[in-house]
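The values are calculated or read from the model by the stated rules, or taken from the named source; none is laboratory data. Please read these numbers as outputs of a predicted model, since none were measured by experiment. All Cβ positions, even for glycine, are placed from backbone atoms using ideal geometry, and neighbour counts span all protein chains on display.
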Amino acid sequence: MLFAVLMDTSMRDILTILIALFILSAVLGVVSCTKKEQPDTIFTRVAGRWKKVQFATDDNNNGVIDQQEIRTQPVNFIDVLSLNSDTTGYQAVNYDNFTDTAAFKWFVAGDSLFISYKANLSLRYYIERVNSINLTIVTSTSTGLAWYNYVNY
C-alpha cells in the first residue's frame with residue numbers, strides 16, 4: 001500500500017513536470033517564431049512606398065526653398081516612389097491615365113539618398129525629413145534647388 005501511495009505521488013509529480021515542460025516549450029516556440037524588429041535606422045525609415053504630395057523649386061534663386069515656392073501636387077499627376085528594402089526600386093508617374101515607370105537601385109549614405117536609374121542617370125538627394133509618415137528630399141539641379149515631399153502610400 002505504501003508503494004502504491006509513493007507510486008501514485010511520483011506519477012502525479014512526473015505528470016506535473018511533463019505538463020510544465022510542454023507549456024514551457026510551447027511558449028518558447030511562440031516567442032522564437034515572432035518577427036524580430038529591425039533596428040530603426042535612416043535606411044529602414046526611407047524604405048517604403050511614397051506618394052508625392054508637394055514639390056518646390058527655388059524660383060527666386062536664394063539657395064533655400066521658401067514657403068511661397070511650395071506647390072501641391074496636381075490631383076491628375078500621381079508620382080509614386082517605391083524604395084524596396086533590397087535596394088531596388090521604381091518610380092511610377094501617372095498623368096491623366098498615362099503611366100511611365102522607371103526602375104532604379106538606391107542606397108543611403110549619411111543624410112543622403114542616392115538613386116541610380118537604369119538609363120545611367122544618378123541623383124543625390126539630401127534627406128531633409130523622414131519618419132513613418134513623411135519623406136522630404138532636396139536636390140540641386142542646373143536651375144537651382146528642387147524639393148519634394150512624399151507621404152507613406
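Could you list all residues from segment 44-86 that are on the phi > 0 side of the Ramachandran plot and assigned to a strand (DSSP E or B)?
Listed by number, the list holds a single entry, Gly48.
Quick check: is even one residue across segment 2-12 surrounded by 10 or more Cβ atoms within 10 Å (Cβ to Cβ), over 30 Å from Ile137 (Cβ atoms), charged (D, E, K, R) and at pLDDT 65 or above?
Scanning segment 2-12 turns up at least one residue that is surrounded by 10 or more Cβ atoms within 10 Å (Cβ to Cβ), over 30 Å from Ile137 (Cβ atoms), charged (D, E, K, R) and at pLDDT 65 or above.
Quick check on this structure: which one of Asn94, Asn131 is polar (S, T, N, Q), surrounded by 12 or more Cβ atoms within 10 Å (Cβ to Cβ) and either over 26 Å from Thr41 (Cβ atoms) or in the same structural domain as Asn61 (by TED's automatic domain parsing) (or both)?
Asn94
Mind listing whichever residues of segment 112-128 are modelled with pLDDT under 95 and not polar (S, T, N, Q)?
Tyr117, Lys118, Ala119, Leu121, Leu123 - these are the residues of segment 112-128 that are modelled with pLDDT under 95 and not polar (S, T, N, Q).
Do we have Ala109 as among the small types (Gly, Ala, Ser) and under 13 Å from Phe43 (Cα atoms) here?
Considered against the rule, which asks whether it is among the small types (Gly, Ala, Ser) and under 13 Å from Phe43 (Cα atoms), Ala109 comes out as yes.
Condition test on Asn61, is it in contact (Cβ under 8 Å) with a residue 12 or more places away in the chain and either within 21 Å of Asn152 (Cα to Cα) or not assigned by TED's automatic domain parsing to the domain that holds Tyr148 (or both)?
No.
Does segment 100-109 contain any residue that is assigned to a loop (DSSP other than H, G, I, E, B) and surrounded by fewer than 15 Cβ atoms within 10 Å (Cβ to Cβ)?
No, there is no match, as no residue in segment 100-109 is assigned to a loop (DSSP other than H, G, I, E, B) and surrounded by fewer than 15 Cβ atoms within 10 Å (Cβ to Cβ).
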